Amino acid sequence: MLGVIVLLDDRKLKILAAVINEYIVTGEPVSSKSIASMPDMRVSPATIRNDMAMLEQLGYLEQPHTSAGRIPTYSGYRLYIDKLMPEYSLSDDDKRLLDDILNVEVPTADTLIENASRALAELTHCAAVAKNVSPRFSVITKVEVIPTGRRMYVLLMVTSSGDIKNKVCRLEFDLTDEQLEFFSGYMAENLQGISIDELSDEAMHNLAAAMGTYMITLAPLIEGVCELAEGFRDNEVVVAGEKNLLARTDIDNDQIANFFEHKNEVVKMLDDSFGDLQVMFGENGDFVIENSSIIVSKIKKDGKTAGSLGVIGPLRINYARIIPYIEYLTGRITEMISEDEPNGSAGDIKSLPQKDE
């Protein structure tokens with residue numbers, strides 16, 4: 001590694017950065033003549049050719065055809081992102097635009113991440129990828145049943161993070177006022193303050209069994225509560241801006257379609273990403289789309305990972321511009337979901353009733 005560092009002097013690094021910047025713009029192999037014509041490149045074409053040949057030997061550039069110029073390799077992109085890409089700071093107008101996107105009436109993690117995903121897809125012309133796991137750290141603050149018609153009831157579940165899910169339940173009979181009152185009181189007594197993660201199938205079975213004579217009539221509502229809890233626990237990856245990927249000519253459409261079909265397989269990549277921001281490439285089977293990159297940054301709540309937000313695009317995306325968008329959005333969402341803790345915080349978790357042995 002030390003030898004490589006010695007070989008990559010400032011001039012070679014400057015040439016590598018120039019090749020990648022040019023390739024990001026044009027998508028065409030970059031020639032030494034093109035680099036030599038740049039105003040700040042005060043080096044002879046022969047020297048540039050020699051340096052580009054050395055960069056190719058070191059694995060940072062490659063030549064797709066014998067007579068063609070050179071394009072960056074995965075290693076070249078990694079070095080560029082780590083050390084060479086130009087600094088880009090969001091303008092005040094950029095920040096105001098992103099803040100307006102996050103200015104929602106009920107700033108839950110779900111709504112914030114959804115709005116940020118759509119904005120990222122539009123701003124970057126890539127596909128945005130997002131995952132929200134913050135509900136798993138939440139506790140239940142309310143479970144309510146609302147009659148909406150003959151034998152039809154809406155279940156409403158609210159968590160301490162402000163997330164809300166509902167489900168329509170169709171019963172074979174109308175519930176009496178006494179049954180409805182019992183269910184509401186039973187849910188308040190046994191579920192309010194319970195962690196979402198604690199609502200396993202076994203725990204809910206125990207809860208239903210403890211209802212006694214009400215178990216048979218209210219069983220469909222208990223099943224609905226189980227489904228709502230499962231929805232909060234799901235770590236589904238949400239993709240926005242799929243058409244942006246399909247419009248690309250430098251990514252295989254069949255691989256893109258395969259990604260959409262198996263998008264939840266990217267969950268492990270998002271979970272395993274090291275640090276707050278990670279850039280991964282479609283190399284060696286690491287990612288399902290070849291010649292692509294995924295930039296993802298973590299959203300946190302009280303120091304714990306609460307989700308991920310990023311973009312998927314071709315290798316030659318404008319990293320210097322896109323990364324600040326992602327970092328700003330994830331930073332603001334982290335601030336917003338950590339600012340205020342609603343009543344029933346995760347620190348006040350109680351236990352579900354246990355089945356008697």
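Quote the accessible area belonging to SER161 in square angstrom, nearest 10, computed with a 1.4 Å probe and with ligands, DNA and RNA left uncounted.
20 Å²
What net charge is computed for the residues neighbouring THR47, neighbours being all others with C-beta under 14 Å from the C-beta of THR47, Lys and Arg scored +1, Asp and Glu -1?
Result for the neighbourhood of THR47: +3.
Using the heavy atoms of the protein chains and a 1.4 angstrom probe, tell me the accessible area per residue for the chain in square angstrom.
Value for the chain: 52 Å² per residue.
Order the following by accessible area, largest value first: VAL311, VAL43. Probe radius 1.4 Å; ligands, DNA and RNA are ignored.
Listed by decreasing accessible area, they come as VAL43, VAL311.
For the chain, which span is the longest to avoid every loop-located (per DSSP) member of chymotrypsin sites (Phe, Trp or Tyr not before Pro) having at most 16 other Cβ atoms inside 10 Å?
That gives 174-273 as the longest site-free run.
Could you work out the local net charge near ASN115, counting Lys and Arg as +1, Asp and Glu as -1, over the other residues with Cβ closer than 14 Å to its Cβ?
-4
Check SER31: other-chain or 5+ apart residues with amide H under 5 Å from its amide H, H built from backbone geometry?
ARG70
Let me make sure I get this right: for the stretch 147-226, a, b and c are the square roots of the gyration tensor eigenvalues over alpha carbons, sorted descending. Under 1.5 in a/c it's rounded, otherwise prolate if a/b > b/c, else oblate. Which is it?
In terms of gyration-tensor shape, oblate.
For every helix of n ≥ 4 consecutive DSSP H residues, a contribution of -39,500 (n - 2.57) applies; sum these over the chain, divide by its total residues, and give [θ] at 222 nm rounded to the nearest 500 deg cm²/dmol.
The helix contribution divided over the chain gives -13500 deg cm²/dmol.
Does the stretch 1-134 come out rounded, prolate or oblate by the C-alpha gyration tensor, with a ≥ b ≥ c the root eigenvalues, rounded set by a/c under 1.5 and, if not, prolate when a/b is larger than b/c and oblate if not? Please list the in-between numbers first.
Working: a/c = 2.70, a/b = 2.47, b/c = 1.09.
Prolate, because a/c is 1.5 or more and a/b exceeds b/c.
I want to verify a result. In a Gaussian network model of the chain, Cα cutoff 10 Å, which of these has the top mean-square fluctuation: HIS262, HIS125, HIS65?
HIS65
Just the accessible area for ARG118, please: 1.4 Å probe, Å², rounded to the nearest 10?
120 Å²
For mean projected area of the Cα convex hull in nm², the choices are (1) 17.1; (2) 23.7; (3) 18.9; which was calculated from the structure?
(2)
7 Å from Cα along Cα→Cβ at both ARG233 and GLU28: what's the point-to-point distance in nm?
The two pseudo-label positions are separated by 5.6 nm.
Only sites in a loop by DSSP and with at most 14 other Cβ atoms within 10 Å count here; which GluC sites (Glu not before Pro) in the stretch 101-132 make the cut?
Here the GluC sites (Glu not before Pro) that fit, given the DSSP loop and packing criteria, are GLU105.
Just GLU181, GLU62, GLU335 to compare: in a GNM of the chain, with alpha carbon springs under 10 Å, which one fluctuates most?
GLU181
Probe radius 1.4 Å, ligands and nucleic acids ignored: give me the carbon and sulfur share of the accessible area of the stretch 1-102 as a rounded percent.
Working: 3080 of 6000 Å².
So the carbon and sulfur contribution to the accessible surface is 51 percent.
Set the bar at 18 Å for Cα to Cα. Now go through LYS243/LYS263; LYS142/LYS165; LYS131/LYS298; LYS83/LYS304; LYS167/LYS263 and name every pair that lies beyond it. If you can, show how the numbers build up before the last one.
Values: LYS243/LYS263 15 Å; LYS142/LYS165 11 Å; LYS131/LYS298 9 Å; LYS83/LYS304 28 Å; LYS167/LYS263 25 Å.
Beyond 18 Å: LYS83/LYS304; LYS167/LYS263.
Go ahead and set up a Gaussian network model of the chain, Cα springs under 10 Å, then flag whichever of LEU228, LEU180, LEU102 fluctuates most.
Among LEU228, LEU180, LEU102, the largest GNM mean-square fluctuation belongs to LEU180.
Hey, can you grab everything whose amide H is under 5 Å from the amide H of GLY307? Only 5+ residues off in sequence or another chain; H modelled, so Pro and N-termini drop out.
VAL133, ILE299
Let me know the shape class of the stretch 89-139, please: from the alpha-carbon gyration tensor, a ≥ b ≥ c as square roots of the eigenvalues, rounded when a/c is under 1.5, otherwise prolate if a/b is greater than b/c, or oblate.
oblate
The values are calculated or read from the model by the stated rules, or taken from the named source; none is laboratory data. Keep in mind it's a predicted model, so treat the numbers as computed, not measured. All Cβ positions, glycine included, derive from the backbone under ideal geometry; neighbour counts span all protein chains shown. Just the protein is used for accessible areas: all its heavy atoms, side chains included, with ligands, DNA and RNA removed. Shrake-Rupley method; radii C 1.70, N 1.55, O 1.52, S 1.80 Å.
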